[in-house]
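Student: The structure follows.
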Amino acid sequence: MQANDHDEPPRRCAWAGNDALYVSYHDEEWGRPLDGEAALFERISLEGFQAGLSWLTILRKRPAFRQAFAGFEIDEVAAFGSRDVERLLADAGIVRHRGKIEAVINNARRARELRDQEGSLAAFLWRYEPASAYEGPPRAESPESKALSKELKRRGWRFVGPTTMYSLMQAVGMVNDHGPDCACRKEVEALRAAFPRPGASGRRRRA
């Protein structure tokens with residue numbers, strides 16, 4: 001994202017602030033469509049770790065999270081055991097919360113089951129993409145995020161509440177919540193328009 005002809009800084013969503021790491025995340029990642037299994041599982045896991053904390057805290061710890069959780073490769077994390085839990089609880093580079101750590105390992109096992117049943121984690125998640133753009137005031141959840149949360153919980157996932165799932169949808173491009181004046185909004189919408197939705201049928205599950 002570049003400055004305009006008058007060398008004024010580009011307009012961004014207010015939450016991006018001035019921290020260089022946050023600005024980079026806003027400009028280069030947030031809202032851009034994702035379909036990689038490890039990338040999606042990482043986002044789900046980090047959104048769960050973020051509960052009660054700032055997202056900037058999680059971003060600063062993301063390299064350590066990736067190292068600690070084997071790059072969020074689903075099969076590798078699913079194989080973690082009690083020794084790994086203790087190892088992670090001793091890792092000062094991540095958020096040392098037993099419940100959240102155990103949830104990531106549990107969710108990796110559930111993701112493996114889901115992948116076997118649904119074809120891929122990406123295909124399953126993208127079925128919950130809203131069928132039309134939302135034009136109302138900012139929100140913390142949606143009918144689709146509530147439906148996704150309910151189904152994941154039914155399948156045994158943890159730390160996947162409707163607010164967490166809406167944050168996931170925003171992060172991975174299932175919705176474009178860049179503000180109307182944000183310089184990234186049109187770029188993200190173009191990326192979403194060109195993005196081939198995972199899953200051969202292309203079905204979208206409605207709430």
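The values are calculated or read from the model by the stated rules, or taken from the named source; none is laboratory data. This one's a predicted model, so the numbers in the text were calculated from it and none came from an experiment. Here Cβ is always computed from backbone atoms with ideal geometry, including for glycine, and neighbour counts include all displayed protein chains. Please note that ligands, DNA and RNA were not included when accessible areas were found on the heavy atoms of the full protein model with its side chains. Shrake-Rupley method; radii C 1.70, N 1.55, O 1.52, S 1.80 Å.
Student: Quick one: is residue 65 outside any helix (DSSP H, G or I) and either under 19 Å from residue 173 (Cβ atoms) or in contact with a Phe, Trp or Tyr (Cβ under 9 Å, 6 or more places away or on another chain) (or both)?
Tutor: Considered against the rule, which asks whether it is outside any helix (DSSP H, G or I) and either under 19 Å from residue 173 (Cβ atoms) or in contact with a Phe, Trp or Tyr (Cβ under 9 Å, 6 or more places away or on another chain) (or both), residue 65 comes out as no.
Student: Being among the small types (Gly, Ala, Ser), farther than 27 Å from residue 89 by Cα and modelled with pLDDT of 95 or more narrows it down to one residue among 145, 132; which is it?
Tutor: 145
Student: For the subset of the range 111-122 comprising residues that are part of a helix (DSSP H, G or I) and open to solvent by 50 Å² or more (accessible area, probe 1.4 Å), which member is farthest from residue 65 (Cα to Cα)?
Tutor: 117
Student: Name the residue, out of 168, 152, that is assigned to a helix (DSSP H, G or I), within 18 Å of residue 36 (Cβ to Cβ), out of contact with any strand residue (DSSP E or B) (no Cβ under 7 Å at 6 or more places or on another chain) and open to solvent by less than 30 Å² (accessible area, probe 1.4 Å).
Tutor: 168
Student: Restricting attention to the range 22-35, which residues are open to solvent by 30 Å² or more (accessible area, probe 1.4 Å) and either of a type outside the set (D, E, K, R) or out of contact with any helix residue (DSSP H, G or I) (no Cβ under 6 Å at 6 or more places or on another chain) (or both)?
Tutor: 22, 24, 28, 29, 34
Student: To continue, here is another question. Can you give me the number of residues within the range 87-101 that are surrounded by fewer than 17 Cβ atoms within 10 Å (Cβ to Cβ) and either at pLDDT below 95 or in a helix (DSSP H, G or I) (or both)?
Tutor: Count: 4.
Student: Quick one: residue 47 ticks every box in (1) open to solvent by less than 50 Å² (accessible area, probe 1.4 Å); (2) of a type in the set (D, E, K, R); (3) without any contact (Cβ under 8 Å) to a residue 40 or more places away in the chain; (4) within 30 Å of residue 198 (Cα to Cα) bar one, so which box is it?
Tutor: Exception for residue 47: condition (3).
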